[in-house]
Amino acid sequence: MNPLPLFLLTAVLSFCSIVYELLLAQSMSATLGDSFLRYNVTIGLYLASLGLGAMLCSRRRKADLIVLLADVEIALTVLGALGPLLILLWDAAAFKAGTCALLRGQEWIRRALVLGFDHGIIILIGLLSGFELPLLMRLGKESASDLSSEVLAVDYFGTLLGALAFPLLLLPGVGVLSAAALTALLNALCALYLLTFLRTDARRLCLCCASSALCIAMLVCREPLQRAALSWYLQR
Amino acid sequence: MTPRQASLREVLFITAVVSFSCLVYETAIAASFTSLTGDGVLWQSLTIALYLAALGAGTYACSRSKTPASWPFFFTIELLLSFAGAASALGILSLESAYRFYAHFLREPQEAPAAAAYAAVVLSAHGWTLLIGFLSGFEIPLLLRLCGEGDDDAGDGLHLILGANYMGALAGTLAFSLILLPCLDIVRSSLAAAALNLCVCLYVFYADLVERVRKRAILLGLAGAFIAALAALSGPVQKLQLLNFYANPLGLTTELRGQGLPRVLRRLCSYTTEVEHIRSPRQYIDILSGRAVLSPFLARFNSRFKDDPSLPSGLSLYLDRRFQFHSASEALYHEVMAHVPIQLFRRVPKTVLILGGGDGLLARELLKYGPAVQSIVNVEFDPRMIELARSHPGLRRLNENAYDDPRVRVVIDDAFRFVRGSRERFDAVYIDLPYPTNYDLTRLYSVEFYTNVSRLLEDGGAVTMDFPLTPLDDKKPLEDYRKNSILFSTLKAAGFQTIVPYGTEHRELIEWAQAQRLGIPPSDYDPKIAKILRGVETQRFLRSHPGYRPPKGDDFYLMPNVEPEAETFVSCVKGPAAPKFIFQDHGLRLYRLTPQRLFLLRFQRFPHDEDPGLVNSIFRPRLFEPEHLSDFAYQ
């Protein structure tokens with residue numbers, strides 16, 4: 001693989017991963033409060049699941065690197081785009097369940113449901129993101145000159161960009177739902193690149209197009225989507 | 001004795017411990033910045049980003065470095081880290097404090113407070129983040145290579161080390177936010193992590209992974225002494241930093257400016273006026289009390305009448321270092337907030353909900369209606385604040401023991417959660433919460449929050465909140481009115497039909513009147529005050545208005561002002577209502593609110609355009625920080 005696309009891919013993917021995690025932390029702070037704790041726990045869980053993902057990835061030595069990477073990207077696109085929305089809506093759903101007669105007074109069940117779900121999404125996105133770096137480094141190793149340490153450096157750079165763009169541009173500029181969709185669209189474009197230029201796989205390409213369509217739809221219909229989500233959230 | 005190879009188990013253990021302490025450093029640094037700036041999301045993201053970038057740079061430098069991986073090299077890195085980590089949080093806080101010290105005592109008073117310089121100082125403190133990240137970057141590659149040396153099954157070991165690293169990191173973030181920060185403070189947490197790092201060095205030394213030479217023993221001793229010294233000093237140093245922070249309201253700035261460093265330091269060290277610094281799990285509560293404690297404005301004139309026995313003793317409350325009230329001017333705020341909606345909508349509420357306001361001052365005002373008010377529910381999220389309002393003699397005197405009244409019921413809960421879950425109904429809701437300066441607070445100004453508040457209101461009931469609106473002023477750019485529009489659009493989206501914004505006179509103007517009574521010559525007036533005095537133009541307009549009665553005696557400073565610092569409030573009614581500016585005497589003992597002032601409120605003009613696209617929601621959070629809060633000099 002050529003160095004330039006490889007570096008670009010690495011930067012974009014690490015950018016997306018950190019933005020997803022920060023978006024999830026923000027959604028959790030919005031529903032549960034106490035943002036300092038939420039952000040810290042999210043960062044800790046993200047790092048841990050990133051490591052776990054890298055370990056799981058190293059088990060799959062025989063797999064086709066590019067196809068595996070494309071699969072991971074498609075899954076991340078869908079999860080990343082919907083993650084914050086799911087956290088906000090799940091919180092509302094758990095609240096509604098808590099008001100029904102069966103669960104009334106059982107505050108802890110509701111909390112456990114919400115916390116379990118939210119942290120589950122954080123871990124899932126972390127695990128999938130953990131697959132990326134080892135795959136990219138192996139791609140770097142396969143190239144003409146060994147680029148694996150450069151890939152690592154670019155990965156950190158992408159993370160830096162993401163963590164700067166999130167509080168300065170994305171959150172104040174477009175809000176939680178559109179930021180998730182925008183970031184996921186970047187991810188989908190990476191998958192699209194992998195599947196058109198490096199491998200041709202019609203079935204995966206269809207999935208990839210469908211996931212990009214989801215992101216575009218979320219961006220185009222952001223106002224109605226937000227209204228619908230709000231009314232679902234406030235419904236009792 | 002010759003050094004030996006480490007077993008896999010030892011390496012794993014060391015990995016977990018070092019990554020634990022590195023993440024504690026990182027979170028402690030983020031917490032220091034958050035405590036200085038108040039914006040958690042920005043500084044937390046920035047810290048993690050810079051830390052990871054420096055970590056990457058360290059890893060890269062390690063892979064390029066000529067020094068072969070060895071335990072002595074690792075020992076050196078760990079030793080450096082324990083020095084750097086121990087000094088990190090205290091160093092950041094001290095750097096900020098040093099700049100503040102310079103601004104308070106050494107700089108010429110005419111110079112404008114430089115927000116840009118302050119931001120640069122705070123940002124430069126991120127040197128610590130980069131240093132610690134860079135050093136930490138060496139750890140894992142070194143450990144990976146050191147592990148590969150001894151064992152035959154190196155491949156599995158590598159994964160285990162990475163796993164231990166990530167688990168240590170997870171444990172570090174969890175331990176910091178759940179255990180260390182609540183039990184110790186930020187500085188002591190980073191010291192604890194440094195001590196852990198030093199323990200790793202000790203282990204490496206005594207388990208014969210490095211040669212036991214005298215030089216290393218001395219370095220270990222030095223590091224231990226450094227950490228112990230910082231632990232012993234952290235209390236006094238933080239106390240000094242606190243005094244330095246409150247130098248303006250304590251009147252120290254005017255007293256000591258330009259007197260030379262040694263004298264200022266000596267005076268600060270001998271300072272005895274009460275600054276009660278209370279660390280609750282939720283926030284820092286600072287109560288300044290004593291005769292010399294002044295509101296920010298009077299602080300400038302402190303040197304002139306510090307020994308004047310006629311000066312009343314003051315009490316100020318600061319939460320997370322943000323000004324809440326001063327005893328001399330709080331009546332203006334609380335009387336206007338509590339009684340004006342009752343006057344405008346001519347309805348004394350039977351049941352009241354107060355969100356926030358754990359000082360009990362708003363409850364004091366509402367209890368004045370006697371048996372007409374049957375119950376007050378006060379929702380406050382910091383139990384320590386309520387305890388203080390019940391037990392602190394100064395606060396008790398101010399709130400007239402409001403919390404001893406059987407009609408007041410305290411609920412300790414997050415306001416957002418309370419309004420969402422409650423099934424009670426109220427005739428009036430008062431919202432006295434901090435301004436939406438960060439993403440934690442902005443959810444308390446969201447359409448979700450207001451919709452639930454509206455659900456709790458009886459028909460015709462009013463909700464009143466304190467919010468710094470931007471009044472009409474030709475010189476202001478349209479952008480400044482955006483925060484009005486955000487609030488009004490959000491309230492409309494939550495279903496409120498009648499929205500009445502109103503404001504008080506300038507708080508500083510009242511203090512200016514006090515200064516006049518104390519005989520401070522006009523030449524000493526702040527240029528800001530001079531600008532307000534030009535509001536006399538507005539008075540001329542008022543005089544020509546039929547029905548206006550000129551103020552008498554003590555009221556000479558009375559005027560509707562168009563300054564952003566005026567206290568402003570918003571009252572909304574569920575359902576249609578027409579506010580009437582007729583003063584009704586309920587027989588209450590009021591100090592600030594008079595028929596004239598109620599009449600004058602209608603001259604306040606707060607422009608706003610409703611825009612459904614500007615609604616503040618948890619799905620689309622917006623910060624709308626009032627600009628004067630960022631004024632460095634007034635903190």
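Read-outs throughout are calculated quantities, based only on the coordinates presented, and are distinct from any laboratory measurement. Computed from a predicted model, the values in this text were never measured in an experiment. In this analysis, Cβ positions are derived from the backbone assuming ideal geometry, glycine residues included, and neighbour counts consider all displayed protein chains.
For the Cα atoms of chain A, what angle does the longest principal axis make with the long axis of helix A:171-193, in degrees from 0 to 90, nearest 10?
The answer is roughly 40 degrees.
With r as the distance between the Cβ atoms of residue B:214 and residue B:280 and R0 = 45 Å, compute the FRET efficiency 1/(1 + (r/R0)^6) and round to 0.05. Display every interim value, and only then the final one.
Details: r = 48 Å, r/R0 = 1.07.
Efficiency, rounded to the nearest 0.05: 0.40.
Rule-of-thumb check for region A:6-108: C-alpha Rg over 2.2 N^0.38 Å?
Dividing the Cα radius of gyration by 2.2 N^0.38 Å gives 1.36.
Can you give the average number of partner chain beta-carbon atoms within 10 Å of each beta-carbon in peptide A:16-28, as a whole number? Mind showing how you got there, number by number?
Details: counts 0, 0, 4, 1, 0, 1, 5, 0, 0, 3, 5, 2, 0.
Rounded to a whole number, the mean comes out at 2.
With a 10 Å Cβ neighbour count serving as the proxy for reagent exposure, in which order, fewest first, do B:608, B:326, B:334, B:586 appear?
Numbers: B:608 19, B:326 22, B:334 27, B:586 14.
Listed from fewest to most nearby Cβ atoms, that is B:586, B:608, B:326, B:334.
Can you sort B:405, A:146, A:201, B:585 by how many other beta carbons sit within 10 Å, fewest first?
Details: B:405 15, A:146 12, A:201 18, B:585 8.
Ordered by Cβ neighbours within 10 Å, fewest first: B:585, A:146, B:405, A:201.
Let me test this: with uniform point scatterers at the alpha carbons of region A:3-234, what is the Debye-based log₁₀ I(q)/I(0) at q = 0.08, 0.12, 0.17 1/Å?
Ignoring solvent entirely, the Cα scatterers give -0.31, -0.67, -1.23.
Rounded to the nearest 10 degrees, what's the angle between the helix A:65-99 long axis and the longest principal axis of chain A, both from Cα atoms, 0 to 90?
10
Past 25 Å, Cα to Cα, is the threshold; run B:350/B:574; B:483/B:574; A:141/B:66; A:96/B:350; A:96/B:483 against it and keep the listed order.
Check vs 25 Å cut-off fails for A:96/B:350; A:96/B:483.
Once the Cα gyration tensor of region B:8-214 is found, what semi-axes does its equivalent ellipsoid get, as square roots of 5 times the eigenvalues, in whole Å, sorted largest first?
On the way: eigenvalues 248, 56, 49 Å².
Here the semi-axes work out to 35, 17, 16 Å.
Exposure proxy check: A:91, B:480 ranked by fewest other beta carbons within 10 Å? Can you show the working numbers first?
On the way: A:91 22, B:480 14.
Least to most surrounded, the residues fall as B:480, A:91.
Shielding of A:152-164 by partners, i.e. mean partner chain Cβ atoms within 10 Å per residue?
On the way: counts 4, 6, 1, 2, 13, 5, 3, 7, 9, 2, 4, 11, 6.
Per-residue shielding by partner chains comes out at 6.
Just A:78, A:154, A:220 to compare: in a GNM of chain A, with alpha carbon springs under 10 Å, which one fluctuates most?
Of A:78, A:154, A:220, the most mobile in the Gaussian network model is A:220.
Over chain A, calculate the relative contact order: mean separation of alpha carbon pairs under 8 Å at least 6 apart, over the residue count, as a percent. Show your work: numbers first, answer last.
Details: 296 pairs, mean separation 83.7, N = 236.
It rounds to 35 percent for chain A.
Tell me, what ³J(HN,Hα) does each residue in region A:26-43 have, in order and in whole Hz, if you take phi through Karplus 6.51 cos²θ - 1.76 cosθ + 1.60 with θ = phi - 60° and put x for Gly and Pro?
With coefficients 6.51, -1.76 and 1.60, one gets 5, 5, 5, 5, 5, 7, 10, x, 6, 5, 4, 4, 4, 5, 5, 5, 4, 4 Hz.
Please report, in debye to the nearest 20, how large the charge dipole of chain A is about its Cα centre when each Lys and Arg carries +1 at its beta carbon and each Asp and Glu carries -1 there. It would help to have the intermediate numbers written out before the result.
On the way: 17 positive and 15 negative charges, 130 e Å.
Here the size comes out at about 620 debye.
Take every Cα-Cα distance within region A:136-236, group them into 10 Å bins from 0 onward, and report for each bin the whole-number percent of pairs it holds.
Spelled out bin by bin, region A:136-236 gives 13, 29, 33, 18, 6, 1, 0 percent.
If I model a spin label at residue A:99 and residue B:591 as a point 7 Å from the Cα along the Cα→Cβ vector, what separation in nanometres do I get?
It is 4.3 nm.
Send over the Kirkwood Rh of region B:170-227, from the inverse of the averaged 1/r over different Cα pairs, rounded to one decimal Å.
Values: mean 1/r = 0.0787 Å⁻¹.
Roughly 12.7 Å, rounded to one decimal.
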